[in-house]
Every structure is written in C-alpha cells, then in structure tokens.
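The structure appears right after this line, and notes come after that.
The values are calculated or read from the model by the stated rules, or taken from the named source; none is laboratory data. Source: prediction; values computed, not measured. Glycine gets a Cβ as well: all are built from the backbone with ideal geometry, and neighbour counts include every protein chain shown. All accessible areas refer to the heavy atoms of the entire protein, side chains included, with ligands and DNA or RNA removed. Shrake-Rupley method; radii C 1.70, N 1.55, O 1.52, S 1.80 Å.
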Amino acid sequence: MPIKSQGNVVVNYNGQNITQYLNTQSLEAIVNEIDTTNLTSTGNEKTPGSVNWTVNVGGFWAKALDDILGPDAVSTPSALRDMSVELGVSGATVEYAWEENSFVGNYRVEASDPTGVITWSGTLAVSGSPTRT
C-alpha cells in the first residue's frame, strides 16, 4: 500500500522541526562509481565508492524558518548540526539521522511572482553516513 507524504514526513535541523515549512523533501544517497577498467578488461568495470548523502528541501518561506536556517547560511557554523528525516506511518517508520554532521549547503529565497507567495529551497548537506533506525 502506498504511503502518502502528507503527515508522514518529519525533518529536524539543529534540534528544530522544520516540517511545517516544507512542501517538498527528497533524501538522496548517490554512490560514487570508481572506474576500475584496465587493459585486460572486456568492458567497462566499476566498483562502488563512498556515498554522497543530501537532503533537498523547500516550501513557503517564513521568518521563523529563516531564523533557523539563515544564520547557518550566512556564516558556516563552527560545529556541524544534528539533522534527521523520518518517513512513514506510525508503526512503520524509518529515520535517517546525522549527529553533528549536517550544515546548510544551499539556501535560496525566491520571490519571482509578484502575485504569489515567497518560497524557499535548500540543501541540508551531510557529512558521513546516517544512523538508520
């Protein structure tokens, strides 16, 4: 049975729940491919390398959100932040968490439509692999 995203995604950054400011979220794990092709190979050969994790987020901008992410976007914090993403319905959830291994990698505020709302998008970059529970 498919799980709807509404009400079933929780994102925390630096101890703050930012879910109410989100209308989009993606959790990405991209495995780097290392080319191991040599002169005796009969085709391209690869082996898996390290994993690059990112959490892409966005939604409707609010000052309260800017108070959470803005300072870390303006000046990289001296200590990395905690960050977590929880997905699923009660009794069937998965949480990906990084302790003191996250930072604001990209923060964009968009006011391109004079009749529309101000939106934002960003990347919560992470260092290392998460704890998955």
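Any chance you could count how many residues in region 42-71 are more than 13 Å from ARG108 (Cα to Cα), touching a strand residue (DSSP E or B) at 6+ places or on another chain (Cβ under 6 Å) and outside any strand (DSSP E or B)?
Residues in region 42-71 being more than 13 Å from ARG108 (Cα to Cα), touching a strand residue (DSSP E or B) at 6+ places or on another chain (Cβ under 6 Å) and outside any strand (DSSP E or B): 1 in total.
For residues in region 47-66 being hydrophobic (A, V, I, L, M, F, W, C) and surrounded by 13 or more Cβ atoms within 10 Å (Cβ to Cβ), which is nearest to the chain's Cα centre (by Cα)? Lay out the reasoning, then the answer.
So in region 47-66, the residues hydrophobic (A, V, I, L, M, F, W, C) come out as 51, 53, 55, 57, 60-62, 64-65.
Filter once more, so that each one left must be surrounded by 13 or more Cβ atoms within 10 Å (Cβ to Cβ): 51, 53, 55, 57, 60-62, 65.
Working: VAL51: 14, TRP53: 8, VAL55: 1, VAL57: 6, PHE60: 17, TRP61: 17, ALA62: 19, LEU65: 15 Å.
So the residue we want is VAL55.
Which ones in region 1-22 are at pLDDT 95 or above and not in a strand (DSSP E or B)?
Once the filter is applied, which keeps residues that are at pLDDT 95 or above and not in a strand (DSSP E or B), region 1-22 yields ASN14, GLY15, ILE18, THR19, GLN20, TYR21, LEU22.
Pairs please, first residue from region 14-36 and closer than 20 Å to THR131 by Cα and touching a residue at least 40 places away in the same chain (Cβ under 8 Å), second anywhere and in a strand (DSSP E or B) and of a type in the set (Ser, Thr, Tyr), Cβ atoms under 7 Å, 6+ apart in sequence or on different chains.
Matching pairs, first to second residue: LEU27/TYR96.
Taking region 68-91 as the region of interest, how many residues are free of Cβ contacts under 8 Å to residues at least 24 places away in the same chain and open to solvent by less than 60 Å² (accessible area, probe 1.4 Å)? Give the steps one after another, and end with the answer.
Quick first cut of region 68-91, residues free of Cβ contacts under 8 Å to residues at least 24 places away in the same chain only: 71, 74-75, 78-79, 90-91.
Checking which are open to solvent by less than 60 Å² (accessible area, probe 1.4 Å) leaves us with 79.
Total meeting the criteria: 1.
Can you tell me which residue is most open to solvent (accessible area, probe 1.4 Å) among those in region 116-127 that are of a type in the set (Gly, Ala, Ser) and in contact (Cβ under 8 Å) with a residue 60 or more places away in the chain? Write out each step before concluding.
Narrowing region 116-127 to residues of a type in the set (Gly, Ala, Ser): 116, 121-122, 125, 127.
Those left that are additionally in contact (Cβ under 8 Å) with a residue 60 or more places away in the chain: 121-122, 125.
Values: SER121: 45, GLY122: 8, ALA125: 16 Å².
Checked region 116-127; the qualifying residue most open to solvent (accessible area, probe 1.4 Å) is SER121.
Provide a single number: the residues in region 1-27 that are open to solvent by less than 90 Å² (accessible area, probe 1.4 Å) and more than 24 Å from ASP66 (Cβ to Cβ).
2
Determine whether region 95-115 contains at least one residue that is outside any strand (DSSP E or B) and either surrounded by 15 or more Cβ atoms within 10 Å (Cβ to Cβ) or touching a helix residue (DSSP H, G or I) at 6+ places or on another chain (Cβ under 9 Å) (or both). Steps first, please.
Initial filter on region 95-115 (outside any strand (DSSP E or B)): 111-115.
Then drop every residue that is not either surrounded by 15 or more Cβ atoms within 10 Å (Cβ to Cβ) or touching a helix residue (DSSP H, G or I) at 6+ places or on another chain (Cβ under 9 Å) (or both), which leaves none.
No; the residues of region 95-115 include none that is outside any strand (DSSP E or B) and either surrounded by 15 or more Cβ atoms within 10 Å (Cβ to Cβ) or touching a helix residue (DSSP H, G or I) at 6+ places or on another chain (Cβ under 9 Å) (or both).
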